[in-house]
Structures are given as C-alpha cells and as structure tokens.
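Have a look at the structure below before the remarks.
The values are calculated or read from the model by the stated rules, or taken from the named source; none is laboratory data. Computed from a prediction, not measured in an experiment: that's the story for all the values here. Cβ placement follows ideal geometry from the backbone for every residue including glycine, while neighbour counts extend to all protein chains displayed. Calculation scope for accessible area: heavy atoms of the full protein, side chains included, ligands and nucleic acids excluded. Shrake-Rupley method; radii C 1.70, N 1.55, O 1.52, S 1.80 Å.
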Amino acid sequence: MTAELVRGQNHPLSQSRLEIRISAGTPVAAAAALSDENGRIHGTEWVAHPGAPVQPGLEVSRQAAADHRLAVDLDAMTEAVHRVSVLLALPAANGGAGPARFGAVAAPFVAVTGLDGTEVASYTITGLDLESAVVALELYRRQGAWKVRAVGQGYAGGLAELFADQGLSEAAQLAAGIDEAVARGLARSVQAPPPRTSEGDRSRQAAAPAVGPDQGAAPQGAPGPVPPAYGGQPAGGQGQGGPQPAYGGATGPHASAGGGPVNYSHPRRQTSAPPPPPPAAPPAQPGQPTRPVAGDATGWSMEERLYNQVWGMFEDLARTAAAYRSAVDFAESRMDKELEQALSDPRSRIGGQGDAAREAARARYTQLVDQARASLDRDVAQLVAESEVVEPALPPAFARWDNPCWHAYRVPMEIPMALRLGDLRLPEAESIRIPMLLRLPLERGLWIDSGRTDSLDGSFTDSHDMRRLAMDTAVAHAARLLAVYPAGEFTVHVVDPAGSGAQALAPLTQSGVLAGPPAQGAAGVTEVLARLTQRVDLVQMALRGGAPDALPPGFDTSQQLLIVNDFPHGFDDRAVNQLRYLVDEGPSVGVHLMMVADREESAGYGPLLDPLWRALLRLTPVPDDHLADPWVGHAWTYEPPAVPHGSEVLRTVLTQVAEARRTWNR
C-alpha cells in the first residue's frame, strides 16, 4: 500500500533499488545531493545533476522536463553517505521564459517506487510561493536501515541558496553549471504538441474498442515540450490496433506516477461543441489487431487529426523503447546480483554447482531480454503498419518531398498547424521513421549546423561538403515554409556575404520567391539587419501602444525569415548584436532566423554568442542523434528532409509560389 506523505513524515524503505518519479506542470531541473550524517555536502562531486547525471548509486535526468525518473541504488552508496536529497529547480528562475516561482505552477508530485513499478511512498509538494528551488524529499540512513522523508523545503534564491544552506562552498559555481547544462538540454529538445483542452481525454482514439486503459500523462507548460508521465498502466494501442507494453511488468520496465492525460488539441480551439468523430477502421479478423486508419486521433479537421496521430506515434515509440531499455537494464542488474551471490559463496565458486548457478543466471537474463525484444518488435510492427497508412495521407506541410501530394500542390489559403522538418528514429526501431513536426508560426529560429562531423554510417564529411549540404538543407526548409504559407504571408531574406551559397540558393533566386537578391559583403549584411531590426522595433512599439493599425502605409505584415550563410564572415560587433536582438525579440513579432553556420568558426566571440546558439533549434544536414525528447530523454536520430535526386518538385513548387505572389501583389 502506498504511503501518501505530508511534510516531515517518513516511511521505511524495504528495497534498495528504487526509482523516484517526478511530475510537474512545467519543466523542472531535477538533481540529487549526497550528504553525510550532519547533512553536509562534501563537494560538487556529491551532486548528480543534468551536467553530471551519474554518481555512484545515483542517476538523474539529463535535461529539464515536466516528468523525471531518477534511479537510486542504496546498496551502492558509500559508507560516508547518510542522506540522498532530491532537488527540483525552475530553469526559468535565472532568465528563462517560463515561470520563475513554484507558486505560479501546479504543485510538483514526487513518488518513490520499486523497479517493478510498485509505488512505495508519494508526496505532493504544496505551500510553495516565491521559491524557485526546493528539496522535495530525502532518503536517509537510520540504524542501518533506509527511510524516506517528505521535506518540501523551498528557497527563493534558487539552487545557489539551496546548496549554500547545505554547506557547499562552491554553491554559486555549481548552480551556474546546472543552469548551463539545463539550457543546453532545452535547446536540444524536440518540440512536442501543445496541451489539450478538456473536451477529450486521449490524443488518439482507437476506431475499435480499446484493448487497454489510457496512458496517463502530465502536460508541460505551453509553449514547449509536453512530456507524458509514466503511469503504472498498460499503454493502449491508441489507434494502432493493439496494446502497448505495460510499464512495470515482471521483466522490469519502469513506470512513473501522477499526472493527467496528454493534451493534444488545438490550443485556441473553443470547446463549445465536441469535434467530429474520427474515421472508423474496418473490422479486424478475430484474434487479429485492429487495422490502422489514417486520422483516427481526435481533432476538428483531418489535418489536426493527422497531426495528433503523428505525435501519438512518436509518444508510442518513445515509450515502447523506454520499456525495452528498462527491461534490459533490469535483466542485467538481476544477472549481476545473482552472479555476485554465486561468487560470494566459497562453496560455489568452483565446480559444477557454481557453473550451474552462473549458467542459470545468464539463461534468465536471456529469457527476460528476449521477452522484452518480442514486445518491442510487436509494437514496432504495429507502428510500421500505422505509418504505412498515415504517411500517404499527410498533407503537403506534413509530407516528405517524395510524397505524391506535391504533384497536386496548390498554394494554400490558410496557414497549416505545423511543418515537417525531417524524420526521427531510434536505434531499436530502424524500420520506422516518425515525422518531426514543428508548430507554426515558428516559436524559435533554426540553426543548420555546417560544422564538420562524422556521419552515422561511418563516412567522414569534410568542411566543404558540410557547408554545401547545410545550404541545400536550409533551402529545402525555406522552400517548404514558402510553400505552406498563403501568398504574401511569408517573406524570405538571405544574407550571403561571400556569395558561397549561390549554387545552393539557385532554386530560390531563379524562381523569384525571395524579397530581394541575397545580400553580399559587409554593407549588405548591415542593410538587411538594420531593416529587420527597425521592423521589430516598429511592430513592438505599435503593439505596446495598443495601436497595431498605426503602422506605416505599405508596411509588410507577413512573417519574415532571414537566412544567414557563412556566419561570422561579414559580421562586425554591431551586426552580431543586431543578430542576437533578432533572435531574442524577433519571433514574438514574426521575424525568424535560420543560421547556416559552424559554431567553432565563431569561437572568437567567446561566450557572447552562447545565448544565440541556445535559442535556436539545432538541425544537421546529415543524420545525427542529437535531439532529445522531453519525455524519457531518448537521443533521437534526426534525418533532414531530402529532395529526391533528379526531381523537379522543388522548382515546380517554388514556381507556383512565385506566380501566386505576383498575382497577390497586383
């Protein structure tokens, strides 16, 4: 039976290997501090945090999220450790965009569970107000046994004040390091869908009766990632026609506690009437899973249903992969423990009895891993079947460049919900690619990394090839943005100081979709940046003054995109500051940035540009496992969009866009 703790209450722990699950209504950074019997932290190496997530017997999340799972092995703690404190902090408290105090968000929920998902104790941290960091609970050693105590001690001064209170001399430096690690993690996060309104209780409704209960999730503050909580229930098929693996089964997959359903509905949709029902799937044969159907998620339009369905597939793959990895970890730890027990008995170290014990431990490991792999393969097969149905049904904004829908392309009359920026995959499921959809309008700029790297297939890509591939990728992204916006509602500017991107930019320049020729030289850079900076200032003044209609006659109210190639060539200190200003202030008034650059080449500016890189979503022109989901922290491999070799689809689409712009401007 779960012990629901109140502040100051304790509860005994009968297990040494535990998981601490955290659910919050906004992204929080999770850390854990080891201390002695007097509660003192002896050094920064006694703290596990996103920048140093692993300590002996302890592992924490590598980024900020609304849901966390911390792994604890009390038997692995040294004799000097008498207390493990679980710490939570708001990353926005030091200059971020989210809430700066816990009193402005939902009360965080913390649960201690066993490896099988059984909840031992839970604690809802209430009564917080100005605090931006809190000691949630602590595991402490008392007379040779471990207990858990609900603490809930908050600190308005953030992590620096918290660490200082626990006797750490390097408190400020450690807090700054954690802030930096969290900022890097947030910059790498995949943007997940927005919260769902109250009219629906699941993101994707199966056309046939559900085969399992809904998977709970706690929404994260919008805009931003929406991580699910890992409730100790089996995940329903959610449109795939079959059950997903249960979290916390006998093979050891982990689960997490607390939270409500994931919210996938349109953030501004009124709820006066329910959405129309999703399409019905054809009946399945007895004993067979329900056949997948495109658009079986909730939504007010087919576009919204497909958007929700794609994100549901992303969630399903993330969770089934997490279940598989957890099962393998559990099997390995169980085998290690059994082998250790066999070796600890002198009578079984040698001879047939010891060999039999070791073989039995390895056989049980193999059995557990095979069971987990079978569950993973079953779920991936269902997702592949669903992808084969969903992919052909996607509209142009969501579709790959090789989708036949582009051959029937017409310039749209409305802005779509989202844009496809490429595909995502995991190493456990190479047979499926999940579309990476980014909500429109853009909430932050893009950084196409042209730095030299090793590709995943083992081939080395030199700097010249990377620059060429990066510009090709940037042009493909810009062309897609132009294609999905109505005529006259999206304008693209290009800064190419040295003219090195002329060949890659040919589809944009020759079709006439750019606002003007690419700006070259330092003078061109200065002119474009000054014009866009002035635009941001004018719109901000109009909005702050409550007079958006007071903009000058003929003012271009369309969304603006600036593509910058070969940064920092052609940029002086003033231009760099203007660029940072556009990154910080531009998205709120419709001015966005797409950087095609190698971060190392701008190292001469030092830490001045660090906020710029963190503010942009980094993408690569070659497959790279650099994107993290906000749910379980998987490193997803991002694959950029590729126009089929020899295809004229890009030029055909841009020609139609240019003609529509000319007609609109008449």
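Brief remarks on what is shown
- Taken over the stretch 133-147, the criterion of being surrounded by 22 or more Cβ atoms within 10 Å (Cβ to Cβ) and more than 14 Å from Ala32 (Cα to Cα) is satisfied by no residue.
- Condition check for Asp201: modelled with pLDDT under 90, surrounded by fewer than 18 Cβ atoms within 10 Å (Cβ to Cβ) and under 30 Å from Thr44 (Cα atoms): no
- For the stretch 54-80, a residue qualifies if it is hydroxyl-bearing (Ser, Thr, Tyr) and surrounded by fewer than 20 Cβ atoms within 10 Å (Cβ to Cβ), and exactly one does: Thr78.
- In the stretch 544-556, the residue that is most open to solvent (accessible area, probe 1.4 Å) out of those that are under 20 Å from Phe490 (Cβ atoms) and either in contact (Cβ under 8 Å) with a residue 12 or more places away in the chain or acidic (Asp, Glu) (or both) is Asp556.
- Restricting attention to the stretch 348-402 and to residues that are outside any helix (DSSP H, G or I) and in contact with a Phe, Trp or Tyr (Cβ under 8 Å, 6 or more places away or on another chain), the residue that is surrounded by the most Cβ atoms within 10 Å (Cβ to Cβ) turns out to be Phe398.
- The set of residues in the stretch 31-51 that are within 26 Å of the chain's Cα centre (by Cα) and aliphatic (A, V, I, L, M) comprises Ala31, Ala32, Ala33, Val47, Ala48.
- In the set (1) surrounded by fewer than 20 Cβ atoms within 10 Å (Cβ to Cβ); (2) at pLDDT 90 or above, Pro518 fails one condition alone, (1).
- Subset of the stretch 18-34 (residues that are touching a helix residue (DSSP H, G or I) at 6+ places or on another chain (Cβ under 7 Å) and either of a type in the set (Ser, Thr, Tyr) or open to solvent by 20 Å² or more (accessible area, probe 1.4 Å) (or both)): Pro27
- Within the stretch 632-649, restricting attention to residues that are at pLDDT 90 or above and open to solvent by less than 20 Å² (accessible area, probe 1.4 Å), the residue that is farthest from Leu421 (Cα to Cα) is Val649.
Conditions (1) touching a Ser or Thr at 6+ places or on another chain (Cβ under 6 Å); (2) of a type in the set (Asp, Glu), marked per residue:
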site	(1), (2)
Arg40	no, no
Glu59	no, yes
Gln63	no, no
His68	yes, no
Phe109	yes, no
Thr113	no, no
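- Ala3 vs. criteria touching a strand residue (DSSP E or B) at 6+ places or on another chain (Cβ under 6 Å), crowded, with 17+ Cβ neighbours inside 10 Å and touching a residue at least 12 places away in the same chain (Cβ under 8 Å): no
- Asp629 vs. criteria open to solvent by less than 30 Å² (accessible area, probe 1.4 Å), of a type in the set (D, E, K, R) and touching a residue at least 24 places away in the same chain (Cβ under 8 Å): yes
Each row is one residue, and each column tells you yes or no for (1) closer than 25 Å to Ala504 by Cα; (2) open to solvent by 10 Å² or more (accessible area, probe 1.4 Å).
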residue: Gln559; (1), (2): yes, yes
residue: Val576; (1), (2): yes, no
residue: Leu579; (1), (2): yes, no
residue: Asp584; (1), (2): no, yes
residue: Tyr605; (1), (2): no, yes
residue: Pro611; (1), (2): no, yes
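- Subset of the stretch 101-156 [under 15 Å from Gly8 (Cα atoms) and of a type in the set (Asp, Glu)]: Glu138
- Flag for Pro50 being surrounded by 21 or more Cβ atoms within 10 Å (Cβ to Cβ) and either at pLDDT below 90 or hydroxyl-bearing (Ser, Thr, Tyr) (or both): yes
- Residue in the stretch 288-301 that is among the small types (Gly, Ala, Ser), part of a helix (DSSP H, G or I) and either over 23 Å from Leu115 (Cβ atoms) or at pLDDT below 90 (or both) present: no
- Filter pass, His11 being over 24 Å from Val105 (Cα atoms) and part of a strand (DSSP E or B): yes
- Subset of the stretch 148-175 [surrounded by fewer than 22 Cβ atoms within 10 Å (Cβ to Cβ) and assigned to a loop (DSSP other than H, G, I, E, B)]: Ala156, Gly157, Gln166, Gly167, Ser169, Glu170
- Every pair of residues 6+ apart whose Cβ atoms lie under 6 Å, when the first sits in the stretch 610-623 and is at positive phi and of a type in the set (Val, Ile, Thr) while the second is at pLDDT 90 or above and part of a loop (DSSP other than H, G, I, E, B): none
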